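Every number in this text was worked out from the coordinates using simple rules, so none of it is lab data. Since the structure is predicted, the reported quantities are computational estimates derived from the model, not experimental observations. Reconstructed Cβ throughout: ideal geometry from the backbone, glycine too, with neighbour counts over all protein chains shown.
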Amino acid sequence: MKKLLTLSLVALVCVSAQAQETKITLGMSGWTGFAPLTLAKEAGIFKKNGLDVTIKKIPQKDRHLAIASGDVQCAATTVETWIVWNANGVATTQIFQLDKSYGADGMVVKPNIAKISDLKGKTVAASAPGTAPWFTLAWMLKKNGLSPKDVKIVNLEPQAAANAMIAGTDGIDAAMTYEPYLGAVRAKPEAGKIIATTLDYPMIMDTVGCTPKFLADNPKAAKALADSYFEALDMIKKDPQKSFEIMGADVKQPADKFEASQKYLRWQDRAANQKFFAGEHAAFSKEAADLLLEAGVIKALPDMSKLADTRFIK
């Protein structure tokens, strides 16, 4: 009887612990910079911190629709994308920074293109307006005296865009892509040359954000989400081989290939987060918003003061 009672109490404690886990569905893609979130899930870090996280792979162009529908509560995407979502009525707030791209996003061109300004009147493969590849294209064009209106854009997602260049697809002169797909182009220089990356134009930065309702209802879970990310970065430092294996498996890469692709970005720890949100985030958001307005992606600025909440990175 005593043994049965003990077992019942243990079961009750387990059920209670599970009941306390906050459920979060997080929308993201297979982008290398997001991989520590996968690591936090697969290595049990989220669970240890009281979170039951479901990761949904959703193309960036559709991620805001999943948030608006209530399908996901949080998402990972680029800093300027949150401006677009909020300007279009999908209220979201960034809570921590994931990474900065150091050559992990780039423009691939066919051999006859010598410089970015040569793209005038040419065809470029890039994701839809409001996505990181489209914004990267717009940014690079602007810095070279052009705009998206000066080129013909064919909407292809990053993997398909890279594959089109590797295949030598007729009618596509350039493509916007990112790691790990950019790495496939690096491995086949005959497919085209990487004419510019975020080493030349440092403007791709990723963050995690959630709906204001989720943050209001679950502040402890939001803090646990950020803390779990930082713990995943610690795990990468302590056990890189195992970490690269877990993160690589998610994008069908062996550990060594994944390790190579992550060298083109920098994951941002707690100290880097605090520095970023102290000023750089607001300054970049303003420049990005001006470009998005100019390009007609947004019609008016959202409330820029509500784009980020820094409570969770302390």
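Points worth noting:
- For Ala308, the residues 5 or more places off, or on other chains, whose built amide H falls under 5 Å of its own are Gln94.
- Using the Karplus relation 6.51 cos²θ - 1.76 cosθ + 1.60 with θ = phi - 60°, the per-residue 3J(HN,Hα) values for segment 57-64 come to 7, 10, x, 4, 5, 10, 4, 5 Hz, with x marking Gly and Pro.
- Each of Arg311, Arg270 was scored by other Cβ atoms within 10 Å of its Cβ. Listed from fewest to most, they are Arg311, Arg270.
- Amide hydrogen neighbours beyond the local backbone of Gly130, cut-off 5 Å, H modeled: Phe135
- Chain lengthening between Ala300 and Ala283 when straightened (0.36 nm per residue, less Cα-Cα): 4.4 nm
- Our summary gives segment 105-197 a relative contact order of 45 percent, counting only alpha carbon pairs under 8 angstrom and 6 or more residues apart.
- Treating each Cα of segment 163-282 as one equal point scatterer and applying the Debye formula with no solvent, the log10 of I(q)/I(0) at q = 0.10, 0.16, 0.17, 0.20 Å⁻¹ comes out as -0.46, -1.00, -1.07, -1.22.
- Rg followed by Dmax, in Å, when segment 30-147 is reduced to its Cα trace: 17.1, 54
- Reciprocal mean inverse distance between Cα atoms of the chain - Kirkwood radius, Å: 20.4
- Sequence of Val79, Val185, Val90 once ranked by neighbouring C-beta atoms within 10 Å, starting from the fewest: Val90, Val185, Val79
- Separation of the Asp269 and Lys47 label points, Cα + 7 Å toward Cβ, nm: 2.7
- Segment 105-197 - Rg and Dmax from Cα coordinates, angstrom: 11.4, 31
- Summed residue charge, Cβ within 9 Å of Lys100's Cβ, Lys/Arg positive, Asp/Glu negative: -1
- Taking 29 Å as the limit for the C-alpha separation, the pairs Lys57/Lys188; Lys193/Lys299; Lys252/Lys314 exceed it in the case of Lys193/Lys299; Lys252/Lys314.
- Rounded to the nearest 0.05, the FRET efficiency derived from the C-beta distance between Gln159 and Thr310 at R0 = 35 Å is 0.55.
- For Ile204, the residues whose amide H sits under 5 Å from its own are Ser101, ignoring neighbours fewer than 5 places away on the same chain, with H placed 1.01 Å from N.
- A crude spin-label estimate for the pair Gln241 and Asp118, with each label 7 Å from Cα along the Cβ direction, gives 4.5 nm.
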